[in-house]
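Notes follow the structure.
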């Protein structure tokens, strides 16, 4: 049987043409032959992870972030479990997203919400602050934990810088101690060894 691209007319009704050209009967869905499904290749981790993390930081929504990146949520969660660096980036993105949400809530609380006027043809979007506060409360611990980790990383950098500075001072002191006794660091002869 030949392939048909047009719907098949039966009386006054049109039935969609299927892959084989046979009409698909609604009462017998298993009898309808199906067109082969095109296999979609997954984008590489390097391609989708950047988009995913960017969207996650903006929305704090894993499903929306996965959709934007072109992967399933299962793929994203699998990558998070398998890749510690991606897991850390995920946590940083979520922390950033919750910071955005917190700032947005503070803005709404300070400026108030615009309510629809009775009899108006168009209303404005209303936000559910109670739900947003519950969301913040639920994730307060993880956001605080991530901030502590980030502060700890900053503290580690400071400690490393201090240790490097101390090591430089120690080397200079050892170099000065190993010089002959009558010579100063500047290379001048001290008063004790000067000849008249």
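When the residues of the stretch 123-134 are filtered to those that are modelled with pLDDT under 75 and exposed (fewer than 10 other Cβ atoms within 10 Å of the Cβ), which remaining residue is farthest from residue 102 (Cα to Cα)?
By that ranking, first place goes to 125.
Per-residue answers, yes or no, for (1) at pLDDT 90 or above; (2) farther than 25 Å from residue 153 by Cα:
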| site | (1), (2) |
| --- | --- |
| 71 | yes, yes |
| 99 | no, no |
| 111 | no, yes |
| 139 | no, no |
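Scan the stretch 175-195 for residues that are modelled with pLDDT of 75 or more and either surrounded by 10 or more Cβ atoms within 10 Å (Cβ to Cβ) or not in a helix (DSSP H, G or I) (or both) and report the count.
The number of residues fulfilling the criteria is 3.
Considering only the stretch 119-171, state which residues are over 26 Å from residue 93 (Cβ atoms) and assigned to a helix (DSSP H, G or I).
Applying the first criterion (over 26 Å from residue 93 (Cβ atoms)) to the stretch 119-171 yields 119-124, 126, 159, 161-171.
Selection gives 159, 161, 162, 163, 164, 165, 166, 167, 168, 169, 170, 171.
Test residue 62 against the criterion of being surrounded by 15 or more Cβ atoms within 10 Å (Cβ to Cβ), over 27 Å from residue 136 (Cβ atoms) and modelled with pLDDT of 90 or more, and give yes or no.
no
The values are calculated or read from the model by the stated rules, or taken from the named source; none is laboratory data. What you see is a predicted model, and the numbers here were worked out from it, not measured in a lab. All Cβ positions, glycine included, derive from the backbone under ideal geometry; neighbour counts span all protein chains shown.
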